[in-house]
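Working notes, structure below.
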Amino acid sequence: MKKGIIIILAVAIIGAIALHEKSGGNPRLVSPGSVSGATSAVSNSSNVTPTKSYKDGTYTGQTENTPYGPVQISVAISSGKITDVNFLQMPNDLGHSQEITNFSEPLLKQETLQKQTAKLDFVTGATVTSSGYQQSLQAALDQAAIS
Amino acid sequence: MRRVFEVMGTAVSVDIPNCQDDAVFRRALNRLRDIDERFSTYKPASEVSRFGNGKLSEAELSRELSYVIKECRKAEKQTGGFFSAWAAGVFDPSGYVKGWAIDQAGKAIEAQGYKTYCIGAGGDILARSESDKIWNIGVQDPKDNTRILNKLSISNGAVATSGTYERGRHIIDPKTKKPADKYLSVTITGPDIVTADVLATAVFAAGQNNPGFIKNFPGYKAISVR
């Protein structure tokens, strides 16, 4: 399978925005500054590829160096399924962005749609037309919220 | 409660957790409709269309359109030309107006006393929270619109995604005048929805994850997928 590539770009550090990344059961406040302040980072999917035997918990991959810099991620497992993927560390050098093998895709592929959307409020994607909306996750979330 | 409206050629989802009053939603919708009437490039009678085909001169424009033109010029300058309302040759401020319209709808909701809400429209999301409400935003996989790649949890902030994964939709690189094709999608997070939306378009058009203009936008972060 051809793996996609995600390029994470730490565009800037200071943020009025409060970005929370969920780790385990409790939301943890992570400011963009603290995320990008890290100097090491990545695990690829081999460290965290889920199997049916996975026990519940939060798994943190090893920091791995990519040609574009170090990245580290963590994956939360609940009821044997992945419930969350977080970027724990991203580079602090704005001049060098990250290209990361798309680890989240193969991981998330194993989840059912229902599991994935269970904790979501909204979805962002390049689906802009009304007809595109009808087919989108956003429409499914809206239906669930309204009904 | 949550309501979905069809306006501006897309579906706009509005969630105000502590509101059970339809009238509150309707005022936000009316603001969006007014903006669409004035700024739609699909409506021949809109002010934007009449300006575009030369029936209105810049001196005759409404304050709102004058403001948007001014802001579009500013955004073009700040993005080193990678965001341009003139990318396709004629003036088309849609790339600016969508984010701005959502911002305006948010202000309409806030004016009615509601400070915790979330608006989603065509990939643009404005999240506000005065309480402990955290909005969980999924970033859609551009290769499979039934999947998400990541989740962002935000109390106050904006998220915008640009991409070409709807058939026939292209973002033109203003420099080459050709469709940008390096990325499948670019998602920007930051404090302000108008800026996030402009940046999503500009980073997508630039097709590079570290364009020089980024230094003009502290507080914004991108997740680009290819």
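Tabulated data for the structure shown
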| quantity | calculated |
| --- | --- |
| Accessible-area composition of region B:2-225, carbon plus sulfur, in percent [1.4 Å probe] | 48 |
| Summed side-chain charge close to B:G157 - residues other than B:G157 whose Cβ falls under 11 Å, Lys, Arg +1, Asp, Glu -1 | +1 |
| Buried solvent-accessible surface, both chains (A, B), 1.4 Å probe, Å² to nearest 100 | 5300 |
| Whole-Å semi-axes of the ellipsoid equivalent to region B:58-172 (Cα gyration tensor, √5λ, descending) | 27, 22, 11 |
| Per-pair calculated FRET efficiency, R0 = 35 Å: B:S66 and B:E110 via Cβ, rounded to 0.05 | 0.90 |
| Whole-Hz couplings from phi, Karplus 6.51/-1.76/1.60, listed for region B:211-219; x for Gly and Pro | x, x, 6, 4, 4, 7, 10, x, x |
| Neighbour-limited loop hits for trypsin sites (Lys or Arg not before Pro), region B:32-91 (at most 15 other Cβ within 10 Å; DSSP other than H, G, I, E, B) | B:K55 |
| Average partner coverage of B:186-195, which counts Cβ from other chains inside 10 Å | 3 |
| Average beta-carbon neighbours from other chains, 10 Å sphere, peptide B:8-18 | 4 |
| Pairs from A:K119/B:K151; B:K77/B:K98; B:K151/B:K215; B:K74/B:K98; B:K43/B:K178 whose Cα-Cα separation, in the structure shown, is over 21 Å | B:K151/B:K215; B:K43/B:K178 |
| Solvent exposure of chain B as accessible area per residue, Å², 1.4 Å probe | 40 |
| Region B:2-225: C-alpha gyration tensor shape, a/c 1.5 cut-off, then a/b vs b/c | oblate |
| Neighbourhood net charge (13 Å Cβ-Cβ; Lys/Arg +1, Asp/Glu -1) for B:P191 | -1 |
| Chain B, helix-only ellipticity at 222 nm - DSSP H runs n ≥ 4, -39,500 (n - 2.57), divided by all residues, nearest 500 | -10000 deg cm²/dmol |
| Chain-alone versus full-assembly comparison, region B:197-224, residues with accessible loss of at least 20 Å² (1.4 Å probe) | B:N209, B:N210, B:I214, B:P218, B:G219, B:Y220, B:K221, B:A222, B:I223, B:S224 |
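The values are calculated or read from the model by the stated rules, or taken from the named source; none is laboratory data. Since the structure is predicted, the reported quantities are computational estimates derived from the model, not experimental observations. With ideal geometry, Cβ positions are generated from the backbone for all residues, glycine too; neighbour counts draw on all protein chains shown. Just so you know, the surface numbers come from the protein's heavy atoms only, side chains and all, with ligands and any DNA or RNA stripped out. Shrake-Rupley method; radii C 1.70, N 1.55, O 1.52, S 1.80 Å.
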